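These notes concern the structure reproduced below.
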Amino acid sequence: MGDWQRSCRCGEPRESGVGEELILMGWTQSLRDHGGLLFIDLRDRTGVVQVVVNPEVTPEAHEKAKRVRSEDVLAVRGSLVGRSEETVNPNLATGAVELMAQELRVLNPSRVPPFPVDDDVEPTETSRFRYRYLDLRRPRSLRPLEIRHRMLTAIRNHLNDLSFMEVETPILTKSTPEGARDYLVPSRIHAGKFYALPQSPQLFKQILMVGGVDRYFQVVRCFRDEDLRMDRQPEFTQLDIEMSFVRPEDIFAMVEGMMARVFREVRGIELETPFRRMSWEEAMSRYGTDKPDLRFGLELVELSDTFRDSGVAIFKRALAAGGIVKGLRVPGAADLSRKELDDLTELVGRYGAKGLAWIKVLDGEWQSPLTKFLSDAEKDELGTLTGARPGDVIFMLADTPGIVNDGLANLRLEMGDRLGLVEQGVQAFTWVVDFPLMEWKQTEGRYTAVHHPFTAPREEDLPLLTDDPGRAKSRAYDLVLNGMELGGGSIRIHSPALQRQVLSLLDVDPETVEEQFGFLLEALELGAPPHGGIAFGVDRLAMLLSDSPAIRDTIAFPKSQRAVCMLTEAPTAVDGRQLSELQIKTLAGD
């Protein structure tokens, strides 16, 4: 670069600057030879500007420019001129001007890239993330990161305006049972002992409330060693929030204001507040999921009583075993082919369903393998409950509540998408509240926490902890947007006695309680205020705001579905000396 200093970035020159001498720096997007005149599109993350190199004016620069290749790093000094009316490019922010080069320097030549750095050419996913630094030079790939940055800026500004304090909590911490597997870090100083990377800062943020940090937040890295999918990574970023002396309504108001600001400043979208609220029981009953997509109808219908004494064997068996029967009416779907119906049967089968009952409602008749087993009374009641009309299809599942709800909830999403029922451009926020506090796991023979063990029960349900803990509701809440959980939280347990009682109900023995949670219980005994909070997946929110197809597109250097960094190929083996210092011997390869 020598003594050159960049005047501005490539996307910034405008007509108001015509006549100025500028020094621009960036990457070569393209080089075009028009009868001796060379045109270079110079690019950085702000945009592209056209550079003109005239051999009659600057022969030395022209000789250098002829040897320039795609993705070479250049510095160009020249005069900004206006383009003639017929050469203005309306598709570029800089399209009314160009830089007439006086001098050109190649700051660093590039070898031929493995794929064209161009939005018009889509490389394979493997190539994109193996050469992520090239991928990020493409505007399409950089946009989600820019939106993520603007989103976090809006969040920080909003929370700062509300007197929140950003506090960092430890990354090397204690392993505690929070649902997923921990990533463990061996200690060299304390042989045979391990730190855990945090699945969330849950306990630390509660202890900060005891410390008087009454409004805390943190944009924090979290780690979970679990199977991956399109919307999950082994390390992810969480927006963590906790407040003292609050009720759920205070959390709701704070979050709704924050979301309104984020959507306004990042996307120019005005949200309608307050957001809708729906109990967990209502969500499960009407949509089969606690993450309902409310952009379209197609609600589930409870049919257990209708078929209590039915002649349909699959219904009778399911109900006799304590299961349920539910239906889903899909308007105008009677023209589905047999293959399409078989495909939908396969779909619900992925969620445990052993089959899918269907009835095509046609003028004057119902078509289905089931119709001969249905009484006229059952048909009448089924038609009334579902509101079926000619041209519709009624789908039904009979099984355990979990299988029926999962199967029909996903069938609902499939049909809503297939039939174009999802209203685009709508931000259908809803709070789901009043979750069960705990649920009985038959395979484990014990209760498990629906959210986590530190969630407070509703005050009116405290007696149920002694009599029937499975019926107790919690003071937990999830924020759902268009069928996707953005975040979840709860009012926490601030009483040490109640915390011990809940841990005991979850079959955590007293010795383990002290070993795993003794530090938390001690803090609760020293003046813990009532408190609650919420946490949001930053990657997921950025994905929705940027209309990205997957979470990995909003992360600078994501992992693959096998938890591998495609850029560095981590995880990798380490040498024997490092293992020896940690007093670790591996079994791999033995």
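The values are calculated or read from the model by the stated rules, or taken from the named source; none is laboratory data. Keep in mind that this is a model prediction, so the values were computed, not measured. A quick note on method: Cβ atoms are made from the backbone with ideal geometry, for glycine too, and the neighbour counts reach across all protein chains shown. The area values use the complete protein model at the heavy-atom level, side chains included, leaving out ligands, DNA and RNA. Shrake-Rupley method; radii C 1.70, N 1.55, O 1.52, S 1.80 Å.
Listed by first and then second residue, the pairs with beta-carbon distance under 7 Å, at least 6 apart or on different chains, first residue in the range 184-207 and part of a loop (DSSP other than H, G, I, E, B), second among the aliphatic types (A, V, I, L, M) and at pLDDT 95 or above, are Pro198/Ile171; Ser200/Ala535; Pro201/Val220.
As a summary of the residue check, Asp417 satisfies the conditions (1) assigned to a helix (DSSP H, G or I); (2) without any contact (Cβ under 8 Å) to a residue 24 or more places away in the chain; (3) more than 29 Å from Leu545 (Cβ to Cβ) except for the one numbered (3). Considering the range 115-134, and only residues there that are free of Cβ contacts under 8 Å to residues at least 40 places away in the same chain and within 21 Å of the chain's Cα centre (by Cα), the residue that is surrounded by the most Cβ atoms within 10 Å (Cβ to Cβ) turns out to be Arg128. On inspection, Ala75 does not qualify as buried (at least 19 other Cβ atoms within 10 Å of the Cβ), more than 17 Å from Glu12 (Cβ to Cβ) and in contact (Cβ under 8 Å) with a residue 12 or more places away in the chain.
Among the candidates Thr448, Thr512, Thr455, the residue that is over 18 Å from Thr289 (Cβ atoms), of a type in the set (S, T, N, Q) and open to solvent by 30 Å² or more (accessible area, probe 1.4 Å) is uniquely Thr512. A residue that is under 21 Å from Gly2 (Cβ atoms), in a loop (DSSP other than H, G, I, E, B), in contact with a strand residue (DSSP E or B) (Cβ under 9 Å, 6 or more places away or on another chain) and among the small types (Gly, Ala, Ser) can be found somewhere in the range 106-120. Listed by first and then second residue, the pairs with beta-carbon distance under 9 Å, at least 6 apart or on different chains, first residue in the range 331-351 and closer than 14 Å to Arg418 by Cα, second open to solvent by less than 50 Å² (accessible area, probe 1.4 Å) and of a type in the set (S, T, N, Q), are Leu347/Asn410. Pairing residues of the range 518-545 that are farther than 30 Å from Ser141 by Cβ and assigned to a strand (DSSP E or B) with residues that are hydroxyl-bearing (Ser, Thr, Tyr) and open to solvent by 10 Å² or more (accessible area, probe 1.4 Å), at Cβ distances under 8 Å and at least 6 apart in sequence or on separate chains, gives His531/Ser244.
Scanning the range 541-575 for residues that are open to solvent by less than 40 Å² (accessible area, probe 1.4 Å), of a type in the set (Ser, Thr, Tyr) and farther than 20 Å from Ile269 by Cβ gives a single hit, Ser560. Of the residues in the range 481-501, at least one is part of a helix (DSSP H, G or I), farther than 22 Å from Glu242 by Cβ, at pLDDT 95 or above and open to solvent by 30 Å² or more (accessible area, probe 1.4 Å).
Of all residues in the range 2-25, none are closer than 22 Å to Arg140 by Cβ and assigned to a strand (DSSP E or B).
Okay, residues lined up against (1) of a type in the set (Phe, Trp, Tyr); (2) farther than 19 Å from Leu411 by Cβ; (3) crowded, with 16+ Cβ neighbours inside 10 Å:
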site	(1), (2), (3)
Val246	no, yes, yes
Pro274	no, yes, no
Gly288	no, no, yes
Pro292	no, no, yes
Gly327	no, no, yes
